[in-house]
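What follows is a single structure, written as structure tokens, with notes after it.
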Amino acid sequence: MKILAVANQKGGVGKSTLTVHLAYAALEAGLRVLLVDMDKQGSLSLTFPANGEAAPGLQASKLYDAEPNGEQPQTITDKLAIIRADNGLLSIDKAENQVIRRPGVALRRFAQDFDLCLIDTPPLLGVRLMASLAASDFVVTPVSVGLYELAGVADLMQTIHVVRTQGFNPRLRHVGILPMKTNNRSTEERQALAALRERYGAAILPEVLPERAPVRKAIAKRRPVWVATKGDGHLKAAREWRAACESVLGRIGK
């Protein structure tokens with residue numbers, strides 16, 4: 001099982017939307033997928049509701065316990081399971097740093113049961129984000145292109161550097177920065193994207209995901225944007241999102 005964190009400490013950049021679509025793409029490729037919702041907002045959990053017969057299963061805050069409690073992730077289908085966000089996550093960021101390594105240990109218990117684990121991280125720098133990075137083999141960074149959003153990229157890159165160099169997770173690889181919610185008609189955004197590419201070079205993925213209404217509609221219907229396409233705008237969104245998801249999964253060997 002390879003573990004991929006979708007991380008940016010800035011909210012509203014599309015982390016959950018990207019995580020969801022990566023899950024859809026991985027499932028379509030025949031992979032067994034484990035989802036971990038570290039964000040108390042629970043967008044990932046909302047997208048994949050439980051079926052009527054499923055037990056609640058292991059909750060995200062329990063990944064920080066000193067000893068595993070033996071609970072299993074909640075089964076959604078034969079190839080999909082989830083560890084849901086819960087209220088206990090609110091107290092985790094007040095915990096001591098020694099809990100940072102615990103989720104990685106806990107998740108490795110399921111390494112034989114899944115091919116890919118996707119972690120949707122919280123929109124803040126703190127213990128949960130650090131723990132998600134410490135648990136992961138890879139991290140991808142979705143960013144929306146604006147002054148405030150771009151200012152936070154440097155902070156996240158520094159956090160990734162700390163996780164790599166301070167003994168938390170030297171194997172962590174940064175897949176890259178994925179520009180999202182872009183507006184090609186905005187001169188300011190085109191300039192900001194150009195500046196981002198100039199500063200971070202090859203770390204910026206070649207794929208770009210513009211703001212498109214069909215993506216929001218697809219999320220509302222709990223399905224990938226490339227399903228049941230209607231109209232040119234929807235087809236464009238479908239091609240963009242499928243290409244981006246396949247690129248990210250390809251870069252982690254999936």
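The values are calculated or read from the model by the stated rules, or taken from the named source; none is laboratory data. Small disclaimer: the values here were computed from a predicted structure and weren't measured. Here the Cβ positions follow ideal geometry from the backbone for every residue, glycine too, while neighbour counts run over all protein chains shown. Quick note on the areas: whole protein, heavy atoms, side chains included, nothing else; ligands and nucleic acids left out. Shrake-Rupley method; radii C 1.70, N 1.55, O 1.52, S 1.80 Å.
For the chain, a simple Cβ point-charge model (Lys and Arg +1, Asp and Glu -1, everything else neutral) yields a dipole of about 480 debye relative to the Cα centre. Restricting attention to region 1-140, close to 15% of DSSP beta bridges with both partner residues there are antiparallel.
Sorted from longest to shortest, the spans of the Cα atoms of region 2-252 along the three principal axes equal 52, 42, 29 Å. Annotation: the antiparallel percentage among DSSP beta bridges lying fully within the chain is about 10. Mean sequence separation of contacting Cα pairs (under 8 Å, at least six apart), scaled by the length of region 2-252, corresponds to a relative contact order of 24 percent. Using R0 = 51 Å, the C-beta based FRET efficiency linking residue 166 and residue 236 works out to 0.75. Past 21 Å, Cα to Cα: identify those pairs from 10/94; 15/230; 79/236; 15/221; 79/254; 15/181, in the order given. Distance filter (> 21 Å) returns 15/230; 79/236.
For region 141-254, the gyration tensor built on C-alpha atoms gives an oblate shape. Its axis ratio a/c (a ≥ b ≥ c) is at least 1.5, and a/b is not larger than b/c. Surface composition of the chain: carbon and sulfur make up 50 percent of the accessible area, probe 1.4 Å.
If you take all other residues with their beta carbon under 13 Å from the beta carbon of residue 23, and give Lys and Arg +1 and Asp and Glu -1, the sum is +2.
The packing ranking, built from the mean of other Cβ atoms within 10 Å per residue, places the peptides 106-113, 35-42 in the order 35-42, 106-113, highest first.
Selection among 68, 91, 6 by position relative to the dipole of region 2-252 gives 6 as farthest towards the positive end (Cβ unit charges, Cα centre). Please check which bits of region 1-33 a label hung off residue 111 would reach, taking the label as a point 7 Å along Cα-to-C-beta and the cut-off as backbone N under 15 Å. Of the residues in region 1-33, 1-4 have backbone N under 15 Å from the label point off residue 111. Work through the residues other than residue 100 whose Cβ is under 12 Å from its Cβ and net out their charges, Lys, Arg +1 and Asp, Glu -1. Net charge in that neighbourhood comes out at +1. Specify which residue in the list 177, 165, 116 is farthest towards the positive end of the charge dipole of region 2-252, using unit charges on the beta carbon of Lys, Arg (+1) and Asp, Glu (-1), about the Cα centre. It is 177. Diffusion coefficient of region 14-118 by Stokes-Einstein, Kirkwood radius over Cα pairs, 10 °C, 1.306 mPa s: 112 µm²/s. Amide H to amide H, with H built 1.01 Å from N, residue 204 comes under 5 Å of 177, counting only residues 5 or more places away or on other chains.
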